[in-house]
Each structure stands twice: as C-alpha cells, then as structure tokens.
C-alpha cells in the first residue's frame with residue numbers, strides 16, 4: 001500500500017476537498033479537523049459570487065469517507081432555504097478567506113436540483129448520488145476513493 005504525504009496534494013483519483021492558503025499550522029486543521037468547524041462557512045462560486053453556506057457534512061459511515069457537503073442557499077435565518085448536495089471533491093477550502101470555493105458557476109448552482117430540510121433525498125442511493133456527481137462533473141466519491149479504501153494503488157483512469 002502507498003503511504004501518502006499529508007502535506008502534499010493527494011492524487012486526483014483519491015482527492016477530497018483541496019486546501020489553499022497559508023493558514024496551515026499545528027493542531028487541528030486544516031488537514032484534519034472537526035466537521036462542525038466547517039458548518040456555516042460561506043461558499044463562493046467559481047465566478048466569485050457568494051452562493052450560500054455549508055449547513056452539514058454528510059459521512060459515508062460504512063465506507064469511512066465524506067460523501068457530500070450540504071450547501072444552504074436563499075432563505076432567511078434558516079427559513080425557506082434550499083439545500084444542495086455538493087460532492088466534497090468539488091470544493092476548495094480557502095484558509096485565508098475562511099470559506100469554500102465551489103468549482104461551479106453561480107448559475108449552475110442556482111439551477112442544480114435542490115431539496116428542503118423536510119424532504120431529504122436518500123443520500124445512500126448510489127443512483128441518486130451518481131446524478132449529483134455527474135451534475136458537478138466529478139466521479140462518484142465511492143469510485144474515486146475505492147482503491148484507497150480497499151488498499152490498492154489508485155486507478156489512473158479515474
């Protein structure tokens with residue numbers, strides 16, 4: 001099994017959220033940190049528009065991976081928000097500006113399928129998950145990280 005240097009970028013096929021900025025230091029973060037510290041972080045689109053905030057980080061408990069970030073858009077004080085599942089690999093954590101940058105235009109995000117807090121999709125449904133990842137042009141997280149989880153060399157074709 002290959003050992004990854006925690007201070008160098010992961011291979012693209014195993015990559016989660018990218019980290020940029022100089023806010024890298026000792027202690028928790030940004031390589032390993034509590035998911036709750038990311039709740040409420042603003043999200044900026046690739047074209048520079050503030051599109052919402054992170055409301056939840058969804059874990060694939062059996063697989064030991066981050067499945068999605070949930071982006072909350074619109075609404076006021078949590079009322080009328082639209083929620084969007086975002087592939088973790090589509091995000092970059094900017095430690096300088098303390099925000100996430102989403103590799104998608106504001107228009108793409110506004111047109112993405114969303115849901116409300118009372119009607120969550122079945123996030124464990126791989127067919128649903130594949131459509132979310134395809135929308136953001138990302139390989140499904142369970143495919144992109146399968147080799148690492150199973151202790152194999154990453155597939156360079158992913």
Original post:
Going 7 Å from the Cα of residue 137 toward and past its Cβ, which residues in region 46-72 have a backbone nitrogen under 13 Å from where you end up?
Top reply: 46-47
Subject >> Relative contact order [Cα under 8 Å, 6+ residues apart], region 35-149, whole percent >> reply: 23 percent
Original post:
Which shape class applies to region 57-127: rounded if a/c is under 1.5, otherwise prolate when a/b exceeds b/c and oblate if not, where a ≥ b ≥ c are the square roots of the Cα gyration tensor eigenvalues?
Top reply: oblate
**OP:** Determine the gain in length on full extension of the stretch residue 122-residue 96; use 0.36 nm per residue of separation and subtract their C-alpha separation, reporting nm with one decimal.
**Re:** 5.9 nm
Original post:
So how far apart, in nm, are the two label points at residue 46 and residue 115 if each is 7 Å from Cα heading toward Cβ?
Top reply: 2.5 nm
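Any read-out appearing in this document is the output of simple, stated calculations on the displayed coordinates, not a laboratory observation. These figures come from a predicted structure and were not determined experimentally. Cβ coordinates were reconstructed from backbone atoms using ideal geometry, including for glycine residues, and neighbour counts include every protein chain displayed.
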